[in-house]
Amino acid sequence: MTTEDRSSPLPAAPWAMECDRLSEAMQSDPHSGLKNDCVSERLRQFGPNRLADAATVPAWRKFVAQFADTLVFLLIAAAIISAIIWFLEGEGGLPFEALAILSIVFLNAIMGFVQQARAEEALSALREMSAPQANCVRDGERQRIAAADLVPGDIILLEEGDTVAADARLLDAIALKAAEASLTGESLAVQKDITTLNADTVLGDRLNMVFSGTAIVGGHGRAIVTATGMRTETGRIAAMLETAKDQQTPLQRELDRVGRMLGLVVLVIAVAMIGALLLINPAQSLSELFGILIFGVALAVAAVPEGLPAIVTAVLSIGVQRMAARNAIVRKLASVETLGSANVIASDKTGTLTKNEMTVRQILTASGRIEFDGSGYIPDGAYRMEADDEADLEAEMLEALDAARCANNGVLEQQADRWVIEGDPTELALLTAARKVEPEFAPRFERVGEIPFSSERKMMTTLNREHESGHLVAFSKGAPDVLLKHCQQEIIGGEARPLTEARRLEILAANDRMAADALRTLAVASRRFPAGSIGTDDDPERGMAFLGLFGMIDPPRQEAMSAVARAREAGIRVVMITGDHPKTAAVIAAKLGIDDHHVVTGADLAKMEEIELDRTVAIASVYARVDPAHKLAIVGALQRQGSTVAMTGDGVNDAPALKAADIGIAMGITGTDVSKGAADIILADDNFATIVAAVEEGRAIFSNIRKFLRYLLSSNVGEVMTMFFGVALSGFLGLTEAGGGVALPLLAAQILWINLVTDGAPALALGVDPASRMTMHRPPRPMGEGVITAAMWRGIILVGFVMATGTLGMLDACLPGGLIAGTGTMDYARTMAFTTLTLFQLFNVLNARSDDRSAFDGLFSNRILWGAIAFSVSLHAIVIYVPMLQQAFSTVPLRADDWLLCAAVASSVLWLRELSKWIERIWHRNMGRS
């Protein structure tokens, strides 16, 4: 006897209730499902079908978290101490130095907060794009809805490859198997049935239930939802768990490592400089001492690119949204990095390289051939019979079409003025052909059983009861070579005759001819049981009668042909893998421009040892009659040769290959939930051209990350060199105070301001730089290559040296004494050096767009970058001309000719870097010739 929770309309033990009683209790029709008005009410009552989100972190806490850094704490402490000293010494006005430092720290926190918010918004949008879906029946109509919209009482339809979206009690189950290891720990797939169980049955033995988050790995069925969201078994477990922390991508981990390394170096330099300053010019007062300490901390903060993780996340998120706009939904940010290294794309043929709109072109039976016009899944188009006896051919055709309709789980229905389709393309093509012959078809059979298709069996059989006679008829469809082994007869003109060996060879020869014309072939057969029943020991697939061959075509996508050519230009090898006939594969490969001189079959692969397999995979680009296990072997062989492999898949059995590949790519339309769950990227349009577009976007994103890294690091190195050599060479540069002590090249507040103005907007603008036209004309990035290469470090150090030399030269030229005699005051000289170093970094933005390409190549292609430069110059001008900020940053107004001089000196970093790039290009060109 079952017990029910009186406080909730949900049954406490649905597995212990008969299906009819459960449907009645949940006020749901097991065939037509819930009504839409009922769905709305239950959605309000039970809420969305999703697990509870982690507690939302308030915005104020996210903002405060921006200050959680040791160096920032030191700066805040330094500003407080500076204010205390100002107060104790009784200076007039305001504590400008303390206010300047605190203001910069606050502005940096705002920038970090905004960057984090944008990244979170972008990632949230991506999660919505890849949200799971479910098939259900509502108001008598089959619908595909967001899984979050399911409610208790919904009737859901389960197919092989689906991820179960909610806990549900099975109403029908045909060879249904579920993988429940994630919930129960059971390693083997569980065979499901609809038998009512005892109320105390434990979770692992509830065979008439399916559970949210588990996967259907075989068969199909129908179930009524009994629990959603946190009420599911998965939800109960989730309520017990702590929220997992977000994992960093490999790229972010490497950048953190670089940041820590750079920070350590700079901290050592800062400590050394503080020590040197105190030795050379002992502090005469507490104010001077803290001034030196503040400078050291400011130098460390300015030199460490602390904003890297936030900028990387923001750029990756924006980039993957751009990829989503091109129909490539990225599930894992780390895969963006890997895309830049992909040098092999192993792609399914059907639906990816072709349109996945199978169309029956021919039916071949014993008496002749039927040719069909039209394309796609709209049943318009004529058919023509070619035979000596058209009456016999018509009878054979009708029986073949009966098999095509009955051994079929597809849906082709006309609703109003449109055709609604659901199911496998091959099955839809068969239904479309049947509709062309019999537009007003009335069902003649009722299905009573099924032996489902599997990749191992390569055939499907249904058991059907004929309405008129009551006899049982088994209809099968499958691969011709497989199905013929089950046939002992052939239908000729409506009569069954023995199938001779000679006739078998003729059928196989006809099958080869159709395949040579790029037609995908499928055979159909039947077996009648006049007694109206089948013996318990009888196999319905034994002793069948052969009905005919269907020849279908799935034409190559036009855009796939150009995409294959683009991939080849980018140094990416395209490998085509299909379950089709080898001759069909060869014809399609030739049309696509894929090397087809060596077509390898699954049977060939099965016989190969590892060494032979590796040799074969190195030269073969077309594989036919391949099953998922062979895909896994191909991926492994390619990876052993050092290739970075992007692999496509759509079925349950493709999941291991998708996981094993460096980049797993699932089909968004035809792909199963299991394959999508195993993939890194989902193609919203199942189109090969989208894969190539994703590679291009991936390369562009990684290139942009390198651009702002190049910019940030070279700018920070320039600041460190300026300060280090300014103090070390103070005697030569005339950097002395009135009392004879060493004067700092720039003040702490000035260094922090440069960091704020130049590291924010320009770096982000580099992150959205458009892809270079050479992006897909270069070979893939080597997988083991770091994000910062030796060539990048050379450029970074060169640029930093040029910045330091120019800034210190400007400082020297504006001061009396030194190497270049000047007449200016210390405040004027520092303002000129301050402005020069700022402009140096803004000129350097143009350099950073490439390590080898000229900055003038596509100079105005990034308008956002020019806007960021203008914004940074405007901010710097405010510090120069606003009186209050002049006091805070110790600046004086500059004349127009001063600005021109600073800009002229700062532009030297552009010209010298252009010269070094030109020399490197010449050197590489000469090395290539030698």
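The values are calculated or read from the model by the stated rules, or taken from the named source; none is laboratory data. Model, not experiment: these values are computed from the prediction. Here the Cβ positions follow ideal geometry from the backbone for every residue, glycine too, while neighbour counts run over all protein chains shown.
Taking residue 676 and the conditions (1) under 19 Å from residue 557 (Cα atoms); (2) crowded, with 23+ Cβ neighbours inside 10 Å, which numbered condition does it fall short on, given that it satisfies the others?
Against the list (1) under 19 Å from residue 557 (Cα atoms); (2) crowded, with 23+ Cβ neighbours inside 10 Å, residue 676 comes up short only on (1).
Tell me, please, whether a residue that is in a helix (DSSP H, G or I), assigned by TED's automatic domain parsing to the domain that holds residue 729 and of a type outside the set (D, E, K, R) can be found in region 848-856.
No, the conditions are met nowhere in region 848-856.
Of all residues in region 404-417, count the ones that are surrounded by fewer than 17 Cβ atoms within 10 Å (Cβ to Cβ) and not small (Gly, Ala, Ser).
Matching residues across region 404-417 total 5.
So if I check each of 194, 145, which one is touching a Cys at 6+ places or on another chain (Cβ under 7 Å), in a loop (DSSP other than H, G, I, E, B), of a type in the set (Val, Ile, Thr) and at pLDDT 75 or above?
Details: 145 fails: in a loop (DSSP other than H, G, I, E, B).
Step by step, each of 194, 145 is checked, and only 194 is touching a Cys at 6+ places or on another chain (Cβ under 7 Å), in a loop (DSSP other than H, G, I, E, B), of a type in the set (Val, Ile, Thr) and at pLDDT 75 or above.
If you check residue 420 against the conditions, is it loosely packed, with under 13 Cβ neighbours inside 10 Å, among the aliphatic types (A, V, I, L, M) and assigned to a strand (DSSP E or B)?
Spelling it out, it is not the case that residue 420 is loosely packed, with under 13 Cβ neighbours inside 10 Å, among the aliphatic types (A, V, I, L, M) and assigned to a strand (DSSP E or B).
Determine if region 306-321 includes at least one residue that is at pLDDT 85 or above and not polar (S, T, N, Q).
Checking region 306-321: not a single residue is at pLDDT 85 or above and not polar (S, T, N, Q).
Has region 690-701 got at least one residue that is over 20 Å from residue 574 (Cβ atoms), surrounded by fewer than 20 Cβ atoms within 10 Å (Cβ to Cβ) and touching a residue at least 40 places away in the same chain (Cβ under 8 Å)?
So far as region 690-701 goes, no, none of its residues is over 20 Å from residue 574 (Cβ atoms), surrounded by fewer than 20 Cβ atoms within 10 Å (Cβ to Cβ) and touching a residue at least 40 places away in the same chain (Cβ under 8 Å).
Inspect region 501-523 for any residue being modelled with pLDDT of 90 or more, in contact with a strand residue (DSSP E or B) (Cβ under 6 Å, 6 or more places away or on another chain) and basic (Lys, Arg) and give the result as yes or no.
No, region 501-523 contains no residue that is modelled with pLDDT of 90 or more, in contact with a strand residue (DSSP E or B) (Cβ under 6 Å, 6 or more places away or on another chain) and basic (Lys, Arg).
Rundown of residues vs (1) within 20 Å of residue 195 (Cβ to Cβ); (2) surrounded by fewer than 17 Cβ atoms within 10 Å (Cβ to Cβ); (3) of a type in the set (Lys, Arg), yes/no style:
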site	(1), (2), (3)
18	yes, yes, no
23	yes, no, no
37	no, yes, no
41	no, yes, no
62	no, yes, yes
67	no, yes, no
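Taking the conditions exactly as written (in a helix (DSSP H, G or I) and either touching a residue at least 12 places away in the same chain (Cβ under 8 Å) or on the phi > 0 side of the Ramachandran plot (or both)), does residue 925 satisfy them or not?
Details: in a helix (DSSP H, G or I): yes; either touching a residue at least 12 places away in the same chain (Cβ under 8 Å) or on the phi > 0 side of the Ramachandran plot (or both): no.
Considered against the rule, which asks whether it is in a helix (DSSP H, G or I) and either touching a residue at least 12 places away in the same chain (Cβ under 8 Å) or on the phi > 0 side of the Ramachandran plot (or both), residue 925 comes out as no.
Can you tell me which residue is surrounded by the most Cβ atoms within 10 Å (Cβ to Cβ) among those in region 857-893 that are in a loop (DSSP other than H, G, I, E, B) and aliphatic (A, V, I, L, M)?
My answer is 892.
From the list 297, 271, which one is at pLDDT 65 or above, surrounded by fewer than 22 Cβ atoms within 10 Å (Cβ to Cβ) and not charged (D, E, K, R)?
271
What number goes with the only condition from (1) surrounded by fewer than 23 Cβ atoms within 10 Å (Cβ to Cβ); (2) within 33 Å of the chain's Cα centre (by Cα); (3) closer than 21 Å to residue 717 by Cβ that residue 847 does not pass?
(1)
Quick grid of which residues meet (1) among the β-branched types (Val, Ile, Thr); (2) more than 23 Å from residue 496 (Cα to Cα):
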position: 512; (1), (2): no, yes
position: 521; (1), (2): yes, no
position: 529; (1), (2): no, no
position: 538; (1), (2): no, no
position: 541; (1), (2): no, no
position: 545; (1), (2): no, no
position: 553; (1), (2): yes, yes
position: 584; (1), (2): yes, yes
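Taking only region 384-403 into account, find how many residues are in contact with a helix residue (DSSP H, G or I) (Cβ under 9 Å, 6 or more places away or on another chain), in contact (Cβ under 8 Å) with a residue 24 or more places away in the chain and surrounded by fewer than 17 Cβ atoms within 10 Å (Cβ to Cβ).
Here the count works out to 1.
I'd like the full set of residues that are of a type in the set (Gly, Ala, Ser) and modelled with pLDDT of 70 or more, limited to region 166-191.
Within region 166-191, 166, 168, 173, 175, 178, 179, 189 meet the criteria.
Taking strands (runs of 3 or more DSSP E) that do not extend beyond region 504-619, which have at least 3 residues that are outside the structural domain of residue 406 (by TED's automatic domain parsing) and closer than 28 Å to residue 694 by Cα?
Working: elements: 520-529, 544-553, 573-577, 599-601.
Fully inside region 504-619 and qualifying: 573-577.
Output the helices (runs of 4 or more DSSP H) that fall wholly within region 699-804 and possess 1 or more residues being within 24 Å of residue 858 (Cα to Cα), or say none.
Passing ranges, in order: 748-759, 761-767.
Here is a yes/no grid of residues against (1) touching a residue at least 12 places away in the same chain (Cβ under 8 Å); (2) of a type outside the set (A, V, I, L, M); (3) assigned by TED's automatic domain parsing to the domain that holds residue 760:
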{"residue": "650", "(1), (2), (3)": "yes, yes, no"}
{"residue": "655", "(1), (2), (3)": "yes, no, no"}
{"residue": "660", "(1), (2), (3)": "yes, no, no"}
{"residue": "666", "(1), (2), (3)": "yes, no, no"}
{"residue": "671", "(1), (2), (3)": "yes, yes, no"}
{"residue": "677", "(1), (2), (3)": "yes, yes, no"}
{"residue": "682", "(1), (2), (3)": "yes, no, no"}
{"residue": "706", "(1), (2), (3)": "yes, yes, yes"}
{"residue": "709", "(1), (2), (3)": "yes, no, yes"}
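Residue 426: crowded, with 16+ Cβ neighbours inside 10 Å, modelled with pLDDT under 90 and not in a strand (DSSP E or B), yes or no?
It is true that residue 426 is crowded, with 16+ Cβ neighbours inside 10 Å, modelled with pLDDT under 90 and not in a strand (DSSP E or B).
All but one of (1) crowded, with 16+ Cβ neighbours inside 10 Å; (2) more than 30 Å from residue 630 (Cβ to Cβ) hold for residue 538; state the number of the condition that does not hold.
It is condition (1) that residue 538 fails.
Evaluate region 826-838: report whether one residue or more is part of a loop (DSSP other than H, G, I, E, B), of a type outside the set (D, E, K, R) and within 25 Å of residue 883 (Cα to Cα). Full working, then the answer.
Residues of region 826-838 that are part of a loop (DSSP other than H, G, I, E, B), as a first pass: none.
No: region 826-838 contains no residue that is part of a loop (DSSP other than H, G, I, E, B), of a type outside the set (D, E, K, R) and within 25 Å of residue 883 (Cα to Cα).
Can you tell me which residue is farthest from residue 459 (Cα to Cα) among those in region 625-649 that are out of contact with any strand residue (DSSP E or B) (no Cβ under 7 Å at 6 or more places or on another chain) and of a type in the set (Gly, Ala, Ser)?
Among them, the one singled out is 642.
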